[in-house]
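The values are calculated or read from the model by the stated rules, or taken from the named source; none is laboratory data. What you see is a predicted model, and the numbers here were worked out from it, not measured in a lab. All Cβ positions, even for glycine, are placed from backbone atoms using ideal geometry, and neighbour counts span all protein chains on display.
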Amino acid sequence: MRRRAFTVLVPVERETRVLQTLQRFLSSPGVLLDGDTREALCERTLTDARLQAFVDEAHEAGRASEGGARCDRRATALLKFLAAYGASHPARYTSLRAFFVRTMLFSGRESIRQESWRAVDELVRGFRQWLGATIRVAVDPESGQEYRWEDVVVFDDAVPAGDRERILDAIRGTAFLREAVFLFSGGAMPRLSDIPPGGVWIAPAGARHDKIRLPASPCRPASKARTISRST
């Protein structure tokens, strides 16, 4: 009954009282955020303030250098819920992953750092499942001809041969490209069929130790219907 009441109350509680309500429920004996409760809450869309209450409580439970087994259980339950919620709500992925990484690096207890590592792994795995498998073959709707990532990706002559193979393997074997575009564009998820042949141009832009920025693609659109916008 307590779990069911919690599931019903959290999405409708006044935002100014969500944190206090969450603390009262969590302070009671027993496991509140079990698998069924996590699943039920993940089906709902929580506002920023409501989700932040869970993040704040997880932060408080995990930052103390000493908290005992009860505090560990509370932090673990909250981290598991946040990982499940982030995997179910991709718009929250970036902020929740950043929170997990900070907790993993700076929590006062080793047990919480390890649990944060597991939460990151669960979050990333769920997010990539949501992105879906990467298709290897697309069909041009105009010509009916098949084409592959090898036809789409064009490398500048300055890219070493070994780097070309590694980058191409990542693009055609994983959701690497769609994940990057989704995170940096705010939601776009291009598939192979959305990109014309020659539509991805890769060139080195420097050799700094911290990062590399790729120039905008000089791709040629096959048709107006198949042209996609790009930004870097």
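Some observations on this one:
- So THR45, is it among the hydroxyl-bearing types (Ser, Thr, Tyr), under 23 Å from GLU122 (Cα atoms) and touching a residue at least 40 places away in the same chain (Cβ under 8 Å): yes
- Only strands (runs of 3 or more DSSP E) whose full extent lies in the range 124-174 are considered here, and the ones with at least 1 residues that are loosely packed, with under 13 Cβ neighbours inside 10 Å and free of Cβ contacts under 8 Å to residues at least 40 places away in the same chain are 146-148.
- Scan the range 22-57 for residues that are closer than 25 Å to ALA91 by Cα and either β-branched (Val, Ile, Thr) or not in a loop (DSSP other than H, G, I, E, B) (or both) and the total you get is 21.
- Of all residues making up the range 74-120, the number that are over 19 Å from the mean Cα position of the chain (by Cα), within 23 Å of LEU46 (Cα to Cα) and either surrounded by fewer than 19 Cβ atoms within 10 Å (Cβ to Cβ) or of a type in the set (Val, Ile, Thr) (or both): 1
- Given (1) assigned to a helix (DSSP H, G or I); (2) in contact with a Lys or Arg (Cβ under 6 Å, 6 or more places away or on another chain), number of the condition GLY108 does not satisfy: (1)
Listed here are the residues, each with its yes/no results for (1) hydrophobic (A, V, I, L, M, F, W, C); (2) more than 30 Å from HIS59 (Cβ to Cβ); (3) outside the structural domain of ASP72 (by TED's automatic domain parsing).
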position	(1), (2), (3)
ARG102	no, no, no
GLU110	no, no, no
ARG118	no, no, no
LEU123	yes, no, no
PRO160	no, yes, yes
ARG172	no, yes, yes
ARG178	no, yes, yes
PRO190	no, yes, yes
GLY198	no, yes, yes
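- Among the residues listed as TYR85, TYR93, TYR147, the single one being in contact with an Asp or Glu (Cβ under 7 Å, 6 or more places away or on another chain) and either farther than 23 Å from VAL200 by Cα or not acidic (Asp, Glu) (or both): TYR147
- Just one of the listed residues (SER107, SER27) is at pLDDT below 90 and over 28 Å from TRP130 (Cβ atoms), and it is SER27.
- For GLN52, the conditions (1) surrounded by 20 or more Cβ atoms within 10 Å (Cβ to Cβ); (2) closer than 22 Å to PHE25 by Cα are fulfilled apart from (1).
- Restricting attention to the range 186-231 and to residues that are at pLDDT 85 or above and assigned to a helix (DSSP H, G or I), the residue that is farthest from ARG136 (Cα to Cα) turns out to be ASP194.
- Selection count, the range 27-42, where residues are under 17 Å from ASP56 (Cα atoms) and more than 27 Å from the chain's Cα centre (by Cα): 1
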